[in-house]
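This report concerns only the one structure given below.
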Amino acid sequence: AQDCQVANIQTMPDFDKSRYAGTWYAVGKKDPEGIFLIDNIVAQFTIDEDGKMTAKAVGKVNIFNNWELCAEMFGTFEETPESGKFRMKYWGISSYLQSGNDDHWVIDTDYDNYAVHYSCRLVDADGTCLDSYSLIFSRHPGGLRPEDQPIVTQKKMDLCLLGKYRRVEHTGFCPNNGFIAM
Ligand code: DAO
């Protein structure tokens with residue numbers, strides 16, 4: 001749907017969280033108001049014993065007036081009737097990091113190479129999104145494979161966010177605390 005109605009956004013049909021588990025490198029990002037994660041964003045999704053999805057993520061953030069540090073974040077995911085739509089509760093390892101409760105929608109993924117994530121924080125009175133963020137994930141830190149790029153571009157269009165993304169760099173700024181090796 002390209003009517004930009006949040007309610008009409010399609011998510012991944014029959015989303016399989018077990019296949020989604022593991023490491024994803026953010027290679028593109030559309031920022032929300034009051035950007036938090038800047039670059040070097042790596043997320044590790046895990047399915048725990050009772051089948052619930054959780055995540056750890058690292059990323060460079062700016063806090064206390066331009067002090068750059070590597071944030072270590074945690075997220076738990078609540079399932080909804082639509083398999084690709086979750087509610088994400090998230091918090092940082094330190095109290096001065098951001099915490100909150102966001103939608104966490106998996107728009108599309110082939111599980112092995114790319115994934116398109118979307119979160120609308122504020123729906124406008126006309127049904128469009130006033131404050132969203134979206135992450136383009138790759139299994140490969142170097143970026144998307146050329147064959148996945150047209151698919152991802154189409155999804156950015158479907159989200160009405162084409163042209164609003166920036167590239168997310170991976171420079172090794174954030175130590176990966178061992179969780180990258182699986
Ligand atoms: O960067 O401004 C922003 C929005 C990101 C907020 C969410 C960060 C926490 C992520 C936890 C784990 C899952 C990917």
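The values are calculated or read from the model by the stated rules, or taken from the named source; none is laboratory data. Quantities reported herein were computed from a predicted structural model and do not represent experimental measurements. Glycine also receives a Cβ, built like all others from the backbone with ideal geometry; neighbour counts cover every protein chain displayed. Heads up: the accessible areas ignore ligands, DNA and RNA and are worked out on the full protein's heavy atoms, side chains in. Shrake-Rupley method; radii C 1.70, N 1.55, O 1.52, S 1.80 Å.
Going residue by residue through region 85-92, is there one that turns out to be at pLDDT 95 or above and buried (at least 21 other Cβ atoms within 10 Å of the Cβ)?
Within region 85-92 (the criterion being at pLDDT 95 or above and buried (at least 21 other Cβ atoms within 10 Å of the Cβ)), the answer is yes, since at least one residue qualifies.
Output the residues belonging to region 17-36 that are out of contact with any Ser or Thr (no Cβ under 7 Å at 6 or more places or on another chain) and away from the ligand (no atom under 12 Å from the Cβ).
Passing the criteria: 17, 18, 19, 22, 28.
Quick one: which of 39, 14, 103 is more than 8 Å from the ligand (Cβ to nearest atom), of a type outside the set (Val, Ile, Thr) and assigned to a loop (DSSP other than H, G, I, E, B)?
14
Any idea which residue in region 18-42 is most open to solvent (accessible area, probe 1.4 Å), counting only those that are farther than 18 Å from residue 174 by Cβ and without any contact (Cβ under 8 Å) to a residue 40 or more places away in the chain?
Per the criteria, the residue is 18.
For the subset of region 148-166 comprising residues that are without any contact (Cβ under 8 Å) to a residue 40 or more places away in the chain and not hydrophobic (A, V, I, L, M, F, W, C), which member is surrounded by the most Cβ atoms within 10 Å (Cβ to Cβ)?
148
For region 55-65, indicate whether the set of residues that are β-branched (Val, Ile, Thr), in a strand (DSSP E or B), over 25 Å from residue 15 (Cα atoms) and more than 11 Å from the ligand (Cβ to nearest atom) is non-empty.
Yes, some residue in region 55-65 is β-branched (Val, Ile, Thr), in a strand (DSSP E or B), over 25 Å from residue 15 (Cα atoms) and more than 11 Å from the ligand (Cβ to nearest atom).
Where residues in region 126-141 are charged (D, E, K, R) and part of a loop (DSSP other than H, G, I, E, B), which of them is farthest from the chain's Cα centre (by Cα)?
126
Would you mention how many residues in region 75-90 are more than 8 Å from the ligand (Cβ to nearest atom) and either in contact with a helix residue (DSSP H, G or I) (Cβ under 7 Å, 6 or more places away or on another chain) or of a type outside the set (D, E, K, R) (or both)?
7
I'd like the full set of residues that are farther than 18 Å from residue 109 by Cα and buried (at least 19 other Cβ atoms within 10 Å of the Cβ), limited to region 43-59.
57, 58, 59
Taking into account only those residues within region 111-125 that are part of a loop (DSSP other than H, G, I, E, B) and more than 15 Å from the chain's Cα centre (by Cα), which is farthest from residue 21 (Cα to Cα)?
Once the filter is applied, the top-ranked residue is 125.
Does residue 72 count as within 13 Å of the ligand (Cβ to nearest atom) and loosely packed, with under 12 Cβ neighbours inside 10 Å?
The answer is no for residue 72.
Taking the options 97, 144, name whichever one is open to solvent by less than 70 Å² (accessible area, probe 1.4 Å), under 20 Å from residue 62 (Cβ atoms), touching a strand residue (DSSP E or B) at 6+ places or on another chain (Cβ under 6 Å) and outside any strand (DSSP E or B).
97
Which of the residues that make up region 106-147 are out of contact with any helix residue (DSSP H, G or I) (no Cβ under 9 Å at 6 or more places or on another chain), in contact (Cβ under 8 Å) with a residue 24 or more places away in the chain and within 11 Å of the ligand (Cβ to nearest atom)?
119, 121, 131, 133, 135, 137
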